[in-house]
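First the structure, in the form of structure tokens, and then the observations on it.
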Amino acid sequence: MAKGTINVSVDNIFPLIKKFLYSDHEIFLRELISNATDATLKLKHLSSIGESKTEIDEPKIEVKIDKEAKQLRIIDQGVGMTKEEVEKYINEVAFSGAEEFLEKYKDSAKDTGIIGHFGLGFYSAFMVAEKVEIITKSHIPEADAMHWTCDGSPEFTLEKAKNKKDVGTEIILHIAEDSTEFLEENRIRELLLKYNKFMPVPIKFGTKEINDPAHKPKTIKDKDGKETTEPQKKITVDNIINNPNPAWTKQPSDLEEADYQSFYRELYPMQFEDPLFHIHLNVDYPFNLTGILYFPKMTKNLDIQKDRIQLYQNQVFVTDNVEGIVPDFLQMLRGVIDSPDIPLNVSRSYLQADGAVKKISSYITKKVADKLLSLFKNDRAAFEKKWNDIKIVIEYGMLSEPKFFEKAQKFALYPTVTDVFFTFEELKEKIKDLQTDKDDKLVILYASDKEAQHSYIEAAKAKGYEVLLLDSPIVAHLMQKLEGENEKVTFARVDADHLDNLIKKEDTHISKLTDEEKESLKGEIEEVIKDKGYTIQIEAMDSEASPFIITEPEFMRRMKEMQQTGGGGMFGMSNMPDMFNLVVNTNHPLISEILAAKTAKKKERLINQSLDLAKLSKGLLKGEELTNFIKRSYAMVK
């Protein structure tokens, strides 16, 4: 029996492993099963090229719990190790020194998981075990089976194994008192499903009963002629906890739509709605990447959608925080990305610096844009039906990714309040004759709420104007970007001003009032509605237009909205109260009636009633003011 000291460059690696990896100590199982998988796949490869004579049928990895003995075992049927290989791969631990380690990971040990950085995958076992044994037999026929033991100190023993006959390796973890959760069946099942659900080698975890496929229950009749069916026979089979051949590992040509839907259910068993469509990723140059991304139905909440894409390395789960790998706007999607070019232990600083990761991000952006364009071209009607469910992703991408913005110009849609969809170029062509103002600027009218802005929309439609329905939480940012890209285009919400001001033409209306009458009118209205926060505009409009119109200035309102959703706007603007203008149409007959009113009481009643009607049209009349308006209205019609 050999004894020795594990060759590390610090006095004791194990306290460091426990201390600095403790928050992520569950990953020990991922690491050990990953090693077992590698060993199994290596033996399959060596056998396929004739370098190993070991006969392998359907190798699997087995995980066993012995609660009484406080042992967790991971058993594989892989290449195994010779004595020399144990000494090389187990007893030689590459480690850069405690001080360097502490300095490098003092702030980010939890996020980085560090094991993969130092080749410490096997030693993660000591996060949960007070002693670890390895019993291994190499596929090399003349090699002795070996038994390695270590109690968490640098000392180990290595001797011949007495009873190991089969090729492969068994890791025995003697679970520590502070980690007995890993002797619970439910906890181990949870980890296997989290990290190893799609490993390429079957993983056995216990057994289960199923119906015997060879048994066909017989139906017999008793003496009274009553039919009874004998019980279905059951058989006990291995409980294989993983799917070794998930959909993303296959070629798209080998999959039907039903296969993609089935895989979505496998990924998200608690998700009841079907995805809208999928994108199959498959590239082998200049990096390796496979995966499937799904577009689910989106809500308007940008935050709750994220952390649904699962990142794998060679079918081993790494994380569902794909920041840096998947562009920010696509993190609201769902699905799987698998790349051997990404390490098992991903740190944010690594992702920011790594060139391959940046290429992966660019590739995913391009692939998604190409898929969207294809859907748009092949079946525009179906694409339009999906628009409201996917628009927030596309708008977010147009804002955050310049290359995506360029591609999206061909498929991004702008729906009207009457459910007609235009691309941006189509829209400009459609409205250029009617909605170009005297300064040769194209004015794109839009509403954010069809119900609240109904009267304004109807007024615009009466003039033949198109009104878009733009109601996503980030649309203010998008409009700002589109205006920046198109110098002769401006967006204006239909309630930002009266229509004649929103789209100014050369032919302006002449006021029926003199300048003195205008001043008098403004003073009388200000006296009645003082302290209500309105800026009064006296305007000459069409006599058919409303006498009082409440508007919200486009610039101030938009800047406030942009700051509320992040970015844009002036400092502190999101905390400012809403700003409203009261536009008074001097050409409406009611305005002449207000001026001609004989008593101050009648004048005040007409002004208040007109203001309340404008507020009602704007959706601003509520509470006590609404109650008073109703009482006043009843009094007026008596």
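The values are calculated or read from the model by the stated rules, or taken from the named source; none is laboratory data. Predicted model, so just to flag it, every value in this text is computed and none were measured. Here Cβ is always computed from backbone atoms with ideal geometry, including for glycine, and neighbour counts include all displayed protein chains.
Data overview
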item: Among (1) touching a residue at least 60 places away in the same chain (Cβ under 8 Å); (2) in contact with a helix residue (DSSP H, G or I) (Cβ under 6 Å, 6 or more places away or on another chain); (3) farther than 16 Å from residue 558 by Cβ - the single one residue 492 does not satisfy; result: (3)
item: Residue tally, condition surrounded by fewer than 17 Cβ atoms within 10 Å (Cβ to Cβ) and in contact with a Lys or Arg (Cβ under 6 Å, 6 or more places away or on another chain), over the stretch 153-169; result: 1
item: Residue, surrounded by the fewest Cβ atoms within 10 Å (Cβ to Cβ), within the stretch 32-91, restricted to residues that are among the small types (Gly, Ala, Ser), under 37 Å from the mean Cα position of the chain (by Cα) and closer than 20 Å to residue 129 by Cα; result: 34
item: Count of residues meeting criterion [under 52 Å from the mean Cα position of the chain (by Cα) and surrounded by 18 or more Cβ atoms within 10 Å (Cβ to Cβ)] in the stretch 491-524; result: 12
item: Extreme residue, surrounded by the most Cβ atoms within 10 Å (Cβ to Cβ), among residues of the stretch 525-539 that are touching a helix residue (DSSP H, G or I) at 6+ places or on another chain (Cβ under 9 Å) and charged (D, E, K, R); result: 539
item: Residue match in the stretch 193-204 (condition: in a strand (DSSP E or B), at pLDDT 95 or above and closer than 30 Å to residue 243 by Cα); result: yes
item: Filter result for the condition that a residue is closer than 19 Å to residue 487 by Cβ and surrounded by 15 or more Cβ atoms within 10 Å (Cβ to Cβ), over 436, 365; result: 436
item: Test: residue in the stretch 515-537 that is touching a Ser or Thr at 6+ places or on another chain (Cβ under 7 Å) and part of a loop (DSSP other than H, G, I, E, B); result: no
item: Selection status of residue 219, of a type in the set (Val, Ile, Thr), in contact with a Pro (Cβ under 9 Å, 6 or more places away or on another chain) and not assigned by TED's automatic domain parsing to the domain that holds residue 29; result: no
item: Condition met for residue 32 (closer than 20 Å to residue 190 by Cα and modelled with pLDDT under 80); result: no
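Each row is one residue, and each column tells you yes or no for (1) under 27 Å from residue 33 (Cβ atoms); (2) of a type outside the set (Phe, Trp, Tyr).
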position	(1), (2)
241	yes, yes
244	yes, yes
249	yes, yes
253	no, yes
261	no, yes
268	yes, no
276	no, yes
281	yes, yes
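Yes or no, residue by residue, for (1) surrounded by 10 or more Cβ atoms within 10 Å (Cβ to Cβ); (2) assigned by TED's automatic domain parsing to the domain that holds residue 312:
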| residue | (1), (2) |
| --- | --- |
| 182 | yes, no |
| 192 | yes, no |
| 223 | no, no |
| 262 | yes, yes |
| 267 | yes, yes |
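Yes/no matrix, rows are residues, columns are (1) assigned to a helix (DSSP H, G or I); (2) not hydroxyl-bearing (Ser, Thr, Tyr):
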| site | (1), (2) |
| --- | --- |
| 228 | no, no |
| 231 | no, yes |
| 236 | no, no |
| 253 | yes, no |
| 261 | yes, yes |
| 264 | yes, no |
| 271 | no, yes |
| 275 | no, yes |
| 281 | no, yes |
